[in-house]
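Asks: First the structure, then my questions, so here it is.
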Amino acid sequence: MKGFELIKKAMRLQEVERIPWVPFVGSHAGELLGLTATEYLQSTDKIVEGVNKAIELYNPDGIPVAFDLQIEAEALGCQLAWAKDNPPAVISHPLTEGIAIDDLKVPCACKGRISMVLEATRRLREQHPDLALYGLITGPFTLALHLLGTDIFMQMMMEPDKVHKLMRFTTNVAKMMASKYIESGADIIAVVDPMTSQIDPLSFETFVTPCVTEIFDMVREAEALSSFFVCGNAKQNIEVMCQTKPDNISIDENIPLDYVRDVALRHNVSFGGNIKLTVVLLMGDEEASRRDALECMDIGGKKGFILAPGCDLAMATPKENLMAVAELVHDELLQGELRASEANVGNIELMDLSNHWDNNRVVIDIITLDSSSCAPCQYMVNAVSRAADDFGDKVVYQEHRIKEVEGVRMMATLGVQNLPTIVIDGNIDFVSQIPPIQDIKDRIAACLAAKQQ
Amino acid sequence: MEELFSKLADCIEFGKIDEVSPYPPNFKGQTGADEITAQVLAKGASAQDVLNNALIPGMEKVGVKFREGTIFVPQVLMSAKAMKTAMVHLKPLLKQGNVKQKGTFVIGTVEGDLHDIGKNLVAMMVEGNGYEVIDMGTDVSVDAFVQQIEKTPDCVVGLSALLTTTMVNMEKIVKNVKEKFPHQKVCIGGAPVNNEFCDKIGADNYSADPQGVVDFLNTLAS
């Protein structure tokens, strides 16, 4: 199972066979095409091409159509400063420049770049029927901030009714965007509201909760799924975010994933995140990316977790790092090896093997992920079993599964680095590839001959 | 007088601007920073006393609570507004008197970056703690920082960035500034920045929150 079906399963908190993976590719896809953010985020064709490129490279289960939280603001009259290597920034706030809230109208979906991302959604839907397409909309609080600027923080305290009125308006905009995205083929509506990380739970409940709850209810009625994204340290609000009943919440590295897991699952909400965007994905290498992703996967687990970067990928994120994560996601064997090598690095206690060896018999240790779930492991164990048959009680063999602590310790003690591996009398003889049975027999015979001398 | 100072410190801590301000609800109908500052000055307190005994202690509590995550941006802005209201009374007195500020802090969001919430919070908190703050705004170039340092050679420079792409410009600014002024202290902050990055680019200090900047400045000043 993959794509939307897998994500749906995760969002419904059912056990999955593989953790779904959703790289938050926004303007980064522009970089993949050699374009600036300005060129990329203003062209339907380029967005479709860029997302396709990302799908080809990163083999995801789901992907955003576009990651740009300025689209609605622009349609509402905020001025944007465009940049080469970033999504644009809002630089003017109409409500502080003489425009009254009553003058603002929910924009037509035909306006500005809204029609562009909807068209991109339709085309991508047609090209990728099984992939989960995320329609990202600007969260009502962040949009309110675009419209009013930072004055909103004090207005919340001094003139709360005005803020409620503004939030009513931005919620209407968000609902329009959500319904249009769903009509165009998006499977998941992600309400991206990073500015909520700046407020306390009480203010969140007062101003944000009624609005986003209404949006998530609407998405549910339209039989789509929803996710609530916050970038930034919003630890204080995870609980109240879950109470707004999204199908999923997604967070960045500012919040510990285990904390989010515990809170989200307690509320029956799935969760996602939080591979480190900057120090790992942007500035680190493939190895660091794999390790960080694995750590997330091990914390997240196979129930209700979606692996994703913390937020919009920095444009210059090396594609090799994301490809390394993609490879890891789809290769359980690689996950096992990495986990075991991690253990090697840590303070794992090595085993005393002095009683393990035998003067009269050949001892074979097979290090596997688990032969019941990993096909190459199974073939390797079978091969040893068949090779050993001819030698009767002169050979003892044993599988060590690194899913268990004992297996990891044995792997470290024997110095094994890849899975699966056959170790005969302490020698690493066959690594990764399943050898012909005759080769194993020859090794056993040679070891026996050595013992008999 | 002590009692009034303590009441004023509370107004700063909890963001009570003046008598008519509806915030915070539990201070309703009471006088705020505006009235109490006027009152203590009328009673003969010096501007320096008001700063040291009420405003700075109040602002310090705000900084600590923000760091500990018990209050957030809206509450800090209310406190800053209360502080500013009090400063309206003090500034003319501070200017004519021989009041010693603790130092000068030059702050700006780096080139290419237009975000200012974090920078403004730091500026307010530092000012509230008795420093002169020169706020250069957003999208500030290397040259602008260099020119400012030439004008205020004893200052400490603070750089802010919100974006992963503009944090790289911090490196350029730190390098250039240190080349021209080897002893110039530069501190950095912002969402994508951390200690590791600070060491890498040769800045002197990284703070995760405004109070950290105040602590750093206080260490240098002492």
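The values are calculated or read from the model by the stated rules, or taken from the named source; none is laboratory data. It should be emphasised that the depicted structure is a prediction, and the values quoted were computed from it without experimental measurement. Here Cβ is always computed from backbone atoms with ideal geometry, including for glycine, and neighbour counts include all displayed protein chains. Keep in mind that these areas ignore ligands, DNA and RNA; they rest on the heavy atoms of the full protein, side chains included. Shrake-Rupley method; radii C 1.70, N 1.55, O 1.52, S 1.80 Å.
Asks: What number of residues within the range A:16-43 satisfy the criterion of being closer than 18 Å to residue A:63 by Cβ, part of a helix (DSSP H, G or I) and open to solvent by 10 Å² or more (accessible area, probe 1.4 Å)?
Replies: 2
Residue-by-condition table, conditions (1) assigned to a loop (DSSP other than H, G, I, E, B); (2) modelled with pLDDT of 95 or more:
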residue: A:236; (1), (2): no, no
residue: A:239; (1), (2): no, yes
residue: A:245; (1), (2): yes, yes
residue: A:252; (1), (2): yes, no
residue: A:255; (1), (2): yes, no
residue: A:263; (1), (2): no, yes
residue: A:271; (1), (2): no, yes
residue: A:274; (1), (2): no, no
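Asks: Those residues that are assigned to a helix (DSSP H, G or I), more than 30 Å from residue B:119 (Cα to Cα), open to solvent by 20 Å² or more (accessible area, probe 1.4 Å) and not small (Gly, Ala, Ser), I need them from the range A:96-115; list them, please.
Replies: Of all residues in the range A:96-115, those assigned to a helix (DSSP H, G or I) come to A:96, A:101-103, A:114-115.
Subsequent filtering for residues that are more than 30 Å from residue B:119 (Cα to Cα) retains A:102-103, A:114-115.
From what's left, open to solvent by 20 Å² or more (accessible area, probe 1.4 Å): A:102-103, A:115.
Listed by number, the residues that qualify are A:102, A:103.
Asks: Test residue A:73 against the criterion of being touching a residue at least 40 places away in the same chain (Cβ under 8 Å) and in contact with a Leu (Cβ under 9 Å, 6 or more places away or on another chain), and give yes or no. Lay out the reasoning, then the answer.
Replies: Details: touching a residue at least 40 places away in the same chain (Cβ under 8 Å): yes; in contact with a Leu (Cβ under 9 Å, 6 or more places away or on another chain): yes.
So residue A:73 passes the test.
Asks: What are the residue pairs meeting all of these: first residue in the range B:193-210, first residue at negative phi, second residue acidic (Asp, Glu) and open to solvent by 60 Å² or more (accessible area, probe 1.4 Å), Cβ atoms under 7 Å, and 6 or more apart or on different chains?
Replies: B:201/B:171
Asks: If we keep just the residues of the range B:164-184 that are farther than 16 Å from residue B:199 by Cβ, touching a strand residue (DSSP E or B) at 6+ places or on another chain (Cβ under 8 Å) and within 14 Å of chain A (Cβ to nearest Cβ), which is modelled with the highest pLDDT?
Replies: Across the range B:164-184, the extreme among qualifying residues is B:169.
Asks: Note down all Cβ pairs under 8 Å where the first residue falls in the range B:131-146 and is more than 19 Å from residue B:94 (Cα to Cα) and free of Cβ contacts under 8 Å to residues at least 24 places away in the same chain, the second is part of a loop (DSSP other than H, G, I, E, B) and open to solvent by 30 Å² or more (accessible area, probe 1.4 Å), and they're at least six residues apart or on different chains.
Replies: Hits for this filter: zero, empty list.
Asks: State the number of residues belonging to the range A:72-89 that are of a type outside the set (Gly, Ala, Ser), open to solvent by 10 Å² or more (accessible area, probe 1.4 Å) and not in a loop (DSSP other than H, G, I, E, B). Quick ask: steps written out before the conclusion?
Replies: The initial filter retains those residues of the range A:72-89 that are of a type outside the set (Gly, Ala, Ser), namely A:72, A:74, A:76, A:78-80, A:82, A:84-88.
Adding the requirement that they be open to solvent by 10 Å² or more (accessible area, probe 1.4 Å) leaves A:74, A:76, A:79-80, A:82, A:84-87.
Now restrict to residues that are not in a loop (DSSP other than H, G, I, E, B): A:74, A:80.
Count: 2.
Asks: Restricting to the range A:395-445, name every residue that is over 36 Å from the mean Cα position of the chain (by Cα) and basic (Lys, Arg).
Replies: A:441, A:443
Asks: Then there is this: Looking at the structure I just gave you, is residue A:75 at pLDDT below 95 and over 22 Å from residue A:129 (Cα atoms)? Lay out the reasoning, then the answer.
Replies: Working: at pLDDT below 95: no; over 22 Å from residue A:129 (Cα atoms): yes.
Judged against the criteria, residue A:75 is not a match.
Asks: Quick one: in the range A:152-185, of everything that is more than 35 Å from the chain's Cα centre (by Cα) and touching a residue at least 12 places away in the same chain (Cβ under 8 Å), which residue is farthest from the other protein chains (Cβ to nearest Cβ)? Write out each step before concluding.
Replies: Here is the first cut: in the range A:152-185, the ones more than 35 Å from the chain's Cα centre (by Cα) are A:154-155, A:157-162, A:165.
Right, trim to touching a residue at least 12 places away in the same chain (Cβ under 8 Å) and you get A:160, A:162, A:165.
Values: A:160: 9, A:162: 13, A:165: 17 Å.
This residue is A:165.
Asks: Contact list please: Cβ distance under 8 Å, first residue in the range A:277-294 and at the interface with chain B (Cβ under 8 Å from one of its Cβ atoms), second residue crowded, with 16+ Cβ neighbours inside 10 Å and aromatic (Phe, Trp, Tyr), pairs at least six apart or on different chains.
Replies: That search, which allows pairs on different chains as well, returns A:279/B:197.
Asks: Right, here's the next one. Residue A:266 passes all but one of (1) within 14 Å of chain B (Cβ to nearest Cβ); (2) open to solvent by 20 Å² or more (accessible area, probe 1.4 Å); which number fails?
Replies: (1)
Asks: On to the next question. For residue B:8, state whether it is over 30 Å from residue B:148 (Cα atoms) and crowded, with 20+ Cβ neighbours inside 10 Å. Walk me through how you get there before you give the answer.
Replies: Values: over 30 Å from residue B:148 (Cα atoms): yes; crowded, with 20+ Cβ neighbours inside 10 Å: yes.
Yes; evaluated as a whole, the condition is true for this residue.
Asks: I've got another one for you. Go through the range B:103-122 and give me each residue that's outside any helix (DSSP H, G or I) and either in the same structural domain as residue B:47 (by TED's automatic domain parsing) or modelled with pLDDT of 90 or more (or both).
Replies: To start, the set of residues in the range B:103-122 that are outside any helix (DSSP H, G or I) comprises B:103-116.
If the condition is that a residue be outside any helix (DSSP H, G or I) and either in the same structural domain as residue B:47 (by TED's automatic domain parsing) or modelled with pLDDT of 90 or more (or both), then B:103, B:104, B:105, B:106, B:107, B:108, B:109, B:110 are the ones that fit.
Asks: Out of A:57, A:13, I need the residue that is outside any helix (DSSP H, G or I), under 26 Å from the mean Cα position of the chain (by Cα) and hydrophobic (A, V, I, L, M, F, W, C). Which one?
Replies: A:13
Asks: Please go through the range A:302-322 and pick out each residue that is free of Cβ contacts under 8 Å to residues at least 60 places away in the same chain and more than 14 Å from chain B (Cβ to nearest Cβ).
Replies: At the first step, the residues of the range A:302-322 found to be free of Cβ contacts under 8 Å to residues at least 60 places away in the same chain are A:318, A:320-321.
The one that is free of Cβ contacts under 8 Å to residues at least 60 places away in the same chain and more than 14 Å from chain B (Cβ to nearest Cβ): A:320.
Asks: Then there's this: Assuming residue B:161 fulfils every condition listed in (1) more than 15 Å from the chain's Cα centre (by Cα); (2) closer than 30 Å to residue B:55 by Cα; (3) surrounded by fewer than 24 Cβ atoms within 10 Å (Cβ to Cβ); (4) small (Gly, Ala, Ser) apart from one, which condition is it?
Replies: Result: residue B:161 passes all but (3).
Asks: Is there a residue being within 14 Å of chain B (Cβ to nearest Cβ), in contact with a Ser or Thr (Cβ under 8 Å, 6 or more places away or on another chain), in contact (Cβ under 8 Å) with a residue 12 or more places away in the chain and buried (at least 24 other Cβ atoms within 10 Å of the Cβ) anywhere in the range A:198-214? Even if it seems obvious, please write down each step before you answer.
Replies: We begin by selecting, within the range A:198-214, every residue within 14 Å of chain B (Cβ to nearest Cβ); these are A:198-208.
Filter once more, keeping what is in contact with a Ser or Thr (Cβ under 8 Å, 6 or more places away or on another chain): A:204, A:208.
From the residues that got through so far, the ones that are in contact (Cβ under 8 Å) with a residue 12 or more places away in the chain too are A:204, A:208.
Keeping just the survivors that are buried (at least 24 other Cβ atoms within 10 Å of the Cβ) gives A:204, A:208.
Yes - at least one qualifying residue is present in the range A:198-214.
Asks: Moving on. Taking the stated definitions as given, is residue B:208 under 15 Å from the mean Cα position of the chain (by Cα) and over 16 Å from residue B:105 (Cβ atoms)? Reasoning before the result, please.
Replies: Numbers: under 15 Å from the mean Cα position of the chain (by Cα): yes; over 16 Å from residue B:105 (Cβ atoms): yes.
Spelling it out, residue B:208 is indeed under 15 Å from the mean Cα position of the chain (by Cα) and over 16 Å from residue B:105 (Cβ atoms).
Asks: Turning to a different aspect of this structure: Within 14 Å of chain A (Cβ to nearest Cβ), among the hydrophobic types (A, V, I, L, M, F, W, C) and closer than 24 Å to residue A:161 by Cα - does that describe any residue in the range B:25-45?
Replies: The answer is yes; a qualifying residue exists.
Asks: Related question: Since residue A:232 meets every condition but one in (1) within 14 Å of chain B (Cβ to nearest Cβ); (2) modelled with pLDDT of 95 or more; (3) on the phi > 0 side of the Ramachandran plot, which condition does it not meet?
Replies: (2)
Here's the yes/no breakdown for (1) open to solvent by 40 Å² or more (accessible area, probe 1.4 Å); (2) modelled with pLDDT of 90 or more:
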position: B:13; (1), (2): no, yes
position: B:19; (1), (2): yes, yes
position: B:26; (1), (2): yes, yes
position: B:44; (1), (2): yes, yes
position: B:54; (1), (2): no, yes
position: B:62; (1), (2): no, yes
position: B:68; (1), (2): yes, no
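Asks: Answer with yes or no whether residue B:145 is crowded, with 21+ Cβ neighbours inside 10 Å, in contact with a helix residue (DSSP H, G or I) (Cβ under 8 Å, 6 or more places away or on another chain) and closer than 25 Å to residue B:82 by Cβ. Walk me through how you get there before you give the answer.
Replies: On the way: crowded, with 21+ Cβ neighbours inside 10 Å: yes; in contact with a helix residue (DSSP H, G or I) (Cβ under 8 Å, 6 or more places away or on another chain): yes; closer than 25 Å to residue B:82 by Cβ: no.
Taking the combined requirement at face value, the residue does not satisfy it.
Asks: Inside the range A:343-384, can you point out the residues that are modelled with pLDDT of 80 or more, farther than 12 Å from residue A:434 by Cβ and open to solvent by 30 Å² or more (accessible area, probe 1.4 Å)?
Replies: Correct list: A:350, A:351, A:352, A:354, A:355, A:356, A:357, A:358, A:359, A:360, A:361.
Asks: Let me ask something else. Pick out the one residue from B:125, B:78, B:83 that is away from chain A (no Cβ under 14 Å), open to solvent by less than 30 Å² (accessible area, probe 1.4 Å), part of a helix (DSSP H, G or I) and not β-branched (Val, Ile, Thr). Write out each step before concluding.
Replies: Details: B:78 fails: away from chain A (no Cβ under 14 Å); B:83 fails: away from chain A (no Cβ under 14 Å).
So the residue among B:125, B:78, B:83 that is away from chain A (no Cβ under 14 Å), open to solvent by less than 30 Å² (accessible area, probe 1.4 Å), part of a helix (DSSP H, G or I) and not β-branched (Val, Ile, Thr) is B:125.
Asks: Only one residue in A:181, A:134 is open to solvent by less than 20 Å² (accessible area, probe 1.4 Å), at pLDDT 95 or above and touching a Pro at 6+ places or on another chain (Cβ under 6 Å). Which one? Show your work before the answer.
Replies: Numbers: A:181 fails: touching a Pro at 6+ places or on another chain (Cβ under 6 Å).
Selected residue: A:134, the only one of A:181, A:134 that is open to solvent by less than 20 Å² (accessible area, probe 1.4 Å), at pLDDT 95 or above and touching a Pro at 6+ places or on another chain (Cβ under 6 Å).
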